[in-house]
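Taking it in order: structure first as structure tokens, then the write-up.
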Amino acid sequence: MPHQILVVNHHLHLAPLPPDAGRKFEITTVADGREGLAQLALSDQWCGVMVASALPDMDSMAFIDQAATLAQAIPLLLVPDNQVTTALHLANSRSLFRVVPESTSGETLAAILLDTARQFGLIRQEQELWERIHHIALTDPLTGCLSRPHLEEVLRKELTRSLRYNHHLSVILCDIDGLKGVNESLGHRIGDRILTEFARMAMDTIRRDIDTITRWGEDEFLLVLPETPIRGCGRVASR
């Protein structure tokens, strides 16, 4: 899939890219900042945004600041040759990825854009890694339920909301009878399958976007059911 690059440029000259650039990049050019922001808002797949140092409708740095709230595109600053030194100081102070002189050759420009796409990919990979780490920290690795440390935050939030608005809040604490015997007679692998299947059935029973289930102990689970009176809680427990 070609790397998507947005060019916000109304007058600066760009050298033609090499013939194979069409397979690597999908370049969209717009004339002003407002149109550029509108394009950025349409997709989260922009790898980079190359912005002319002078835009007809807004300051280029103001554009880059607003662009950062809309997309993760890597910012490049496109400048006339006689402004490169000044632009480099600005780029260092504002963490811009590259300053691109107007006289940059097509081959060099293609290399810069490829570098930009790689940087975008690295940032995406790092974010996905942190998301996985965060998910692991919040969930029990065996059952996929919330981990017990995270339960304290959930209970505190729901209890505060229940007391403030005088809404129902129910909690179910349940365990699996005989799991220790299963582990001793059939092995922990079978016991783990029982825990995993119980957690799956419990998750299918509760409201996924409202209720939560936590692995409370070795064979214990705690379900938090906001907006649920005791009778409703009883029906969930029966199921």
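The values are calculated or read from the model by the stated rules, or taken from the named source; none is laboratory data. This one's a predicted model, so the numbers in the text were calculated from it and none came from an experiment. Every residue, glycine as well, gets a Cβ built from its backbone with ideal geometry; the counts of neighbours run over all protein chains shown. Ligands, DNA and RNA are excluded from the accessible area calculation, which covers all protein heavy atoms including side chains. Shrake-Rupley method; radii C 1.70, N 1.55, O 1.52, S 1.80 Å.
Within the range 15-39, the set of residues being in contact with a strand residue (DSSP E or B) (Cβ under 9 Å, 6 or more places away or on another chain), open to solvent by 60 Å² or more (accessible area, probe 1.4 Å) and either under 21 Å from SER105 (Cα atoms) or among the polar types (S, T, N, Q) (or both) comprises LYS24, GLU26, ILE27, THR29. Looking across the range 174-191, the residues that are open to solvent by 100 Å² or more (accessible area, probe 1.4 Å) and either in contact with a helix residue (DSSP H, G or I) (Cβ under 7 Å, 6 or more places away or on another chain) or part of a helix (DSSP H, G or I) (or both) come down to LYS180, GLU184, LEU186, HIS188, ARG189.
Quick grid of which residues meet (1) closer than 30 Å to GLU197 by Cα; (2) in contact with a strand residue (DSSP E or B) (Cβ under 8 Å, 6 or more places away or on another chain):
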site	(1), (2)
SER93	no, no
LEU114	no, yes
ALA117	no, yes
LEU122	no, no
GLU126	no, no
ARG132	yes, no
THR139	yes, yes
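Pairing residues of the range 145-173 that are open to solvent by 90 Å² or more (accessible area, probe 1.4 Å) with residues that are among the polar types (S, T, N, Q), at Cβ distances under 8 Å and at least 6 apart in sequence or on separate chains, gives ARG148/THR214; HIS168/SER162; HIS168/THR228.
None of ALA62, ALA41 is under 22 Å from LEU122 (Cα atoms) and among the small types (Gly, Ala, Ser) except ALA41. The residue that is least open to solvent (accessible area, probe 1.4 Å), counting only those in the range 203-218 that are free of Cβ contacts under 8 Å to residues at least 40 places away in the same chain and over 21 Å from LEU159 (Cα atoms), is THR205.
In this structure, LEU42 does not satisfy being under 20 Å from ALA117 (Cβ atoms), more than 29 Å from the chain's Cα centre (by Cα), surrounded by fewer than 18 Cβ atoms within 10 Å (Cβ to Cβ) and not aromatic (Phe, Trp, Tyr). In the set (1) aliphatic (A, V, I, L, M); (2) surrounded by 15 or more Cβ atoms within 10 Å (Cβ to Cβ); (3) assigned to a loop (DSSP other than H, G, I, E, B), the condition left unmet by ILE194 is number (3). Restricting the range 60-74 to residues that are among the small types (Gly, Ala, Ser) and over 20 Å from the mean Cα position of the chain (by Cα) leaves a set whose member that is most open to solvent (accessible area, probe 1.4 Å) is ALA62. The set of residues from the range 219-239 being surrounded by fewer than 18 Cβ atoms within 10 Å (Cβ to Cβ), in contact with a strand residue (DSSP E or B) (Cβ under 9 Å, 6 or more places away or on another chain) and more than 19 Å from HIS168 (Cα to Cα) comprises just one member, GLU220. Scanning the range 29-65 for residues that are in a strand (DSSP E or B) and farther than 23 Å from SER103 by Cβ yields TRP46, CYS47, ASP59.
Among the residues of this structure, LEU77 counts as one that is open to solvent by less than 20 Å² (accessible area, probe 1.4 Å) and either β-branched (Val, Ile, Thr) or not in a helix (DSSP H, G or I) (or both). Applying the criterion of being part of a strand (DSSP E or B) and of a type in the set (A, V, I, L, M, F, W, C) to the residues of the range 80-101, the residue that is surrounded by the most Cβ atoms within 10 Å (Cβ to Cβ) is VAL100. Which one is modelled with the lowest pLDDT, of the residues in the range 102-136 that are crowded, with 18+ Cβ neighbours inside 10 Å and not in a helix (DSSP H, G or I)? Only one residue fits best here, namely GLU102.
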